[in-house]
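See below for the structure under consideration.
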Amino acid sequence: MLAAVTDDFSELPHPARESTPDGPLAWRGYDASHARAAERTGETESVVCGTAHVEGTPAVLIAFEFGFLGGSLGERTGDRLEAAYRHAREHRLPVVPLVATGGSRMQEGMLALTQLQRVARQSALTREAGLPQIAVLRDPTTGGGWATLGAGADVILALPGAQVGFAGSRVRPPDADPAAYTAEAQVAAGAADTVVPLAELRETLGRWLRLLTGGTAGTTPAPSGPGAAAPGSPLEIALGSPSEVAPAPVPAALGATGLPATGWEAVQRARAAERPRAEAYLDAYFAHRLPISGDRCGGTDPDGMLCGFGEREGRTVAYAAQTGTATRPAGYRTAARLIRLAGRLGVPVLTLVDTPGAANDADAERQGAGAAIADVFDAVATARTPVTTLVIGEGGSGGALALAAPGNTWATPDSYFSVIAPELAAAILKRPPTEVETTADQLRIRPQDLADLGVIQRPRGR
């Protein structure tokens, strides 16, 4: 597997651990099984950890060998994983787990299971240090390996057809649908970002590493002293130091140039089918970009929210963009995930507002619409890096405002922003349909009105 992503892997030293006959549980035959696995694979444990360059970016790679006792985690596995994460933090390197595991090693009992706690702590410390973790899910990725190294990563790539799920094939209910335990199913459920063919893995992984490190992996000296943080790190920012990250530039307007004469004209322009949408703005703004997908709790909103990272004039910018439809709870949760990840990595954020409002159907309520919108408000309010917002179409009530950056929101000439849609405002005020246009004017929703009110900066032209 290592050969598929790098040509210069250098293994890290193995931490020493005193061995006892047949392991900590004195499990009869364990030493013999261990010896057979070593002979079969040429390895001495189920993981190989080391440093390498992936398409030019240095990283710490954690490669599982499934042929070694099913890629299971034991005490020595935990030693190696802990050492790899520590090396990554000391040398300011991203971590790439190449996961293929059946779970914790039964021959070591609860001592094997508790290695998951060690891994979780190391992953959390690495996250707080502002270093990205990109997991690659291979076949199979199950049990605690999936629940820590896999699902706990910032970006999750998966190989086609890989078995991915907490429950392995031998411990599922007999009537379980096997299709639910696949890489494709996990992407559809929002638990992983994308499926990548093996032939494209090196290039895709390399692009992700460049974007999430900004090309600076391994170049920043490690912090010194207990609990110290590097200047400008997410930890320092969280403690109150100002972020030195420059805001993302405001995109140029792609549609109409002149300002609307009336509120209703502003609404009509924003709703026009030919108006440029999020995809057009993102394509014009970025040299290239890669998407993230999923809220990590069972949902996606591919038709309502586009999230990811892209390169803009040589620097990385994160984006969360509404697409002109009613945004669903999973879309808001994905955007919140994106903004927090960008903050940890020291990456500025661009949000594009374009929605008639949050989805308000019964399913949206069951999926926690209010809590999801609150999550985005919180993510923007506590963002560790600057957020830049451009309203490119409809700005429908709180479902749009949640993505808007206070003090750094702009609007295009073919957009509007309103406390509520004019039609709904008229209905609430018990006005006839003939007064909808008058109501739109009274709401003062044109870009120039919003600037006069201090809600946005001056309207953004071409």
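The values are calculated or read from the model by the stated rules, or taken from the named source; none is laboratory data. Computed from a predicted model, the values in this text were never measured in an experiment. With ideal geometry, Cβ positions are generated from the backbone for all residues, glycine too; neighbour counts draw on all protein chains shown.
Some notes on this structure:
- Among the candidates Ala284, Ala270, residue that is small (Gly, Ala, Ser), surrounded by fewer than 17 Cβ atoms within 10 Å (Cβ to Cβ) and in contact (Cβ under 8 Å) with a residue 24 or more places away in the chain: Ala284
- Total residues in region 267-300, condition more than 17 Å from the chain's Cα centre (by Cα) and among the basic types (Lys, Arg): 4
- Residue match in region 127-143 (condition: free of Cβ contacts under 8 Å to residues at least 60 places away in the same chain, surrounded by fewer than 19 Cβ atoms within 10 Å (Cβ to Cβ) and of a type in the set (A, V, I, L, M)): no
For every residue, the table says whether it meets (1) at negative phi; (2) surrounded by fewer than 21 Cβ atoms within 10 Å (Cβ to Cβ).
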site	(1), (2)
Cys297	yes, yes
Val317	yes, no
Ala335	yes, no
Thr351	yes, no
Gly357	no, yes
Asn360	yes, yes
Gly393	yes, no
Ala402	yes, no
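- Of all residues in region 176-204, those satisfying the criterion of being of a type in the set (A, V, I, L, M, F, W, C), within 21 Å of Asp295 (Cα to Cα) and outside any loop (DSSP other than H, G, I, E, B) are Ala179, Ala180, Ala183, Ala185, Val187, Ala188, Val195.
- When region 144-164 is filtered for residues that are of a type in the set (Gly, Ala, Ser) and touching a residue at least 24 places away in the same chain (Cβ under 8 Å), the ones remaining, listed by number, are Gly144, Gly145, Ala147, Gly150, Ala151, Gly152, Ala153, Ala158, Ala162.
- Identity of the residue in region 423-442, of a type in the set (Val, Ile, Thr) and closer than 24 Å to Pro260 by Cα, that ends up farthest from the chain's Cα centre (by Cα): Thr434
- Tabulated pairs, region 311-327, first closer than 23 Å to Gly346 by Cα, second surrounded by fewer than 19 Cβ atoms within 10 Å (Cβ to Cβ) and not hydroxyl-bearing (Ser, Thr, Tyr), C-beta under 6 angstrom, 6+ apart or interchain: Glu311/Ala287; Glu311/His288; Thr316/Gly214
- Subset of region 64-100 (residues that are outside any helix (DSSP H, G or I) and out of contact with any strand residue (DSSP E or B) (no Cβ under 7 Å at 6 or more places or on another chain)): Gly67, Phe68, Gly74, His91, Arg92
- Those residues of region 138-175 which are in a strand (DSSP E or B) and under 17 Å from Pro94 (Cα atoms), in sequence order: Val155, Ile156, Leu157
- Qualifying residue in region 332-346 (condition: in contact (Cβ under 8 Å) with a residue 40 or more places away in the chain, over 30 Å from Ala129 (Cβ atoms) and assigned by TED's automatic domain parsing to the domain that holds Cys297): no
- Looking only at residues in region 422-447 that are among the hydrophobic types (A, V, I, L, M, F, W, C) and in a helix (DSSP H, G or I), the one that is nearest to Arg458 (Cα to Cα) is Leu443.
- Summed over region 339-379, residues that are basic (Lys, Arg) and under 13 Å from Arg328 (Cβ atoms) total 1.
- Residue in region 167-180 that is among the hydroxyl-bearing types (Ser, Thr, Tyr) and closer than 25 Å to Leu2 by Cα present: no
- Some residue of region 447-462 being modelled with pLDDT of 95 or more and within 30 Å of Leu345 (Cα to Cα): no
- Under the condition of being part of a loop (DSSP other than H, G, I, E, B), touching a Pro at 6+ places or on another chain (Cβ under 9 Å) and of a type in the set (Gly, Ala, Ser), the residues counted in region 314-367 number 4.
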